[in-house]
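The structure appears right after this line, and notes come after that.
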Amino acid sequence: MKRGFVLISTLALIVILSFIILVLSRTIYSDTLRTTIFASSLEKRIEIINYETYLIDTLIDNSLLNRNLSLAENELNLNIKSKFPNLSVSLEDYSTCFNLNTLVKPFQTINIKNEEHGELFKNLLIQSEIDKNIHTELISRIYDSLDDDSLPETYGAEDLFYISNDNLSLNPDQLYFHKSQIKNINMLDSISLDRIYKDLCALPTTDIQFNVNSLNNKNMKVFLSLFPDLNLNDIEKIMLNKPLNGYITFKNLIDLSGIDSSKLNKSFIIFKPNFIKVNYLMNLEGQIFNFSSLLSLTRGNYVVYRSLSE
Amino acid sequence: MKSGFTLLEVLIALLAAALISIMSFDFLANTIFLKERIDDSIANDSKHSKAIHLMRLDMIQAIPFKLKDQNYNSLNNVFLGSNEDRILTFVSLSSSDTSITNSKLRRIIYRIKDKNLIRTSTLANNENVVLSEEILLSNIDNFRISFGDSLDDMTDIYPGLNIAENKSFPQFVVLNYEINERKFSQIMGFFR
């Protein structure tokens, strides 16, 4: 009747023991894998950083492509796939935002406030519907934050103000490295920040430069602030008449778009980006790792910053 | 009708189970012991590699931000390194950009104190506001750090004592130390 009992019970015991050993091995394997993936993600990032020089050189050498950044992005992804099959990159034009560092200008060996650009920033504040009562104070605090001197503007604040508040960072007294430094001046609430933050950036230059070939409905608020004489109709003309490979010269822009050249400040207009943000996305064993680099499209010292978080 | 098992069958089954248990006990005990050792080793290695990776990531995200000291005076330096208790000081974009009141910039300070490697993050330009502090590694012996732009020419202090202004990072940072009598050597860089 139950003649197989000895065999079955023996087999059952072996199965149970094997199962325990299997579970133990599995935990060892998964712990090891987790540590390995973390280590290899860093190694990959370092590999990519070393590859950035080639990437920048490619963008500079084929700079005509940069007039249409989505074409450049596709081209780069094709090149990258052969070396890093699990990596994809996306490019963001950083020559279409309002650079906070343009609120100062070099004078001899120091930076002083640039009131002319301050007025353009005020245009952006108006466009962004920021409370008019804080415009002067906000701009003054940014001047004080960026300029080299220790004398506060009439409505500004130098270090003594920040020292008196235990939770604030002092003025950098140098150009901003990241737009988030505007938060340190303690003037904008979350609603105001939401309205203006995406239009801002901090680039290592005090010149205003806007890449007209990347003009779109997301950044036209900045464009309208820089060229207050323009209207929405002009913006539409610039966007609709843009050739596939972008405008090439100022004359080309005026001829093709048909807008009045006196409405534009020629020195502010560029036709390919000077700064781009490269967002890297890599897939390692099903886990996604990302980081981004803000790069200047110049040979040599091209890194503005690298960051692993947004 | 005969039903159930005979005493002999039960005794044979018990005997077989006992024999297998005795034979497999040693193997199972070894496996459990091995797992504990591997877990310990992974935890230690993981803690160690996490500490070193964190340091590397901070360096990758470093920016040449001129520091002010605790008395709010400008130091005209973007990076301070020494073999004393405070080994590294610089500003990095190591925080997420979610705060309403603080920027993404953080001053990162690495210290060696009581055989511990400690990482502290503060506001970029106000060291008195400490935002986080963590012991990354313990039981460190014979710690030594050196800095330089060439591996053949490294110094204990960066920038040198007579340099009043410095806007750059050293090309290499070399760490040598021992943990539980195991020797380690790490070469790091800022990639700028």
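Throughout, read-outs are computed from the coordinates displayed, never taken from laboratory work. Quick caveat, the model's predicted, so the values are computed rather than measured. Cβ: placed from backbone, ideal geometry, glycine included. Neighbour counts: every protein chain shown.
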Please list 3J(HN,Hα) in residue order for region A:283-288, calculated via the Karplus relation 6.51 cos²θ - 1.76 cosθ + 1.60 where θ = phi - 60°; whole Hz, with x for glycine and proline. 10, 10, 6, x, 9, 9
Measuring from its Cα centre, the protein assembly as shown shows a charge dipole (+1 at each Lys and Arg Cβ, -1 at each Asp and Glu Cβ) which, in debye to the nearest 20, is 1740 debye
Helix A:115-127 against the longest principal axis of chain A: what's the angle in degrees, Cα atoms only, rounded to the nearest 10? 60 degrees
At a temperature of 4 °C and a viscosity of 1.567 mPa s, determine how fast chain A diffuses translationally according to Stokes-Einstein, using the Kirkwood radius over alpha-carbon pairs as Rh; express D in µm²/s, rounded to the nearest whole number. 56 µm²/s
Between helix B:7-60 and chain B, what is the angle of the helix's C-alpha long axis to the longest principal axis, kept within 0 to 90° and rounded to the nearest 10? 0 degrees
Name the residue farthest towards the positive end of the dipole of the protein assembly as shown from the options B:Ser168, A:Ser293, B:Leu7, assuming +1 on Cβ of Lys and Arg, -1 on Cβ of Asp and Glu, about the Cα centre. B:Leu7
Taking the 0 to 90 degree range and rounding to the nearest ten, how far is the long axis of helix A:69-83 tilted relative to the main principal axis of chain A, both from C-alpha atoms? 30 degrees
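Using only DSSP helix segments of four residues or longer, with each worth -39500 (n - 2.57), what per-residue ellipticity at 222 nm results for the protein assembly as shown after dividing by its residue count and rounding to 500?
Values: 10 runs with 188 residues, N = 502.
It lands at -13000 deg cm²/dmol.
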Say a site is exposed when it is one of the chymotrypsin sites (Phe, Trp or Tyr not before Pro), sits in a DSSP loop, and has at most 16 other Cβ atoms within 10 Å; what is then the longest site-free stretch of chain B? B:73-192
Under 5 Å between amide H atoms, partner at least 5 residues away or on a different chain: which partners does B:Ile87 have, H built in plane at 1.01 Å? B:Tyr110, B:Arg111, B:Ile112
If I model a spin label as a point 7 Å beyond the Cα along the Cα-Cβ vector, how far apart are those points for B:Glu84 and A:Ile126 in nm? 5.4 nm
In terms of the charge dipole of the protein assembly as shown, which places +1 on Lys and Arg and -1 on Asp and Glu at the beta carbon, the residue among A:Gly246, A:Tyr162, A:Val212 farthest towards the positive end is A:Gly246
Can you list residues from other chains, or at least 5 along the same chain, whose modelled amide H is less than 5 Å from the amide H of A:Tyr305? A:Leu294
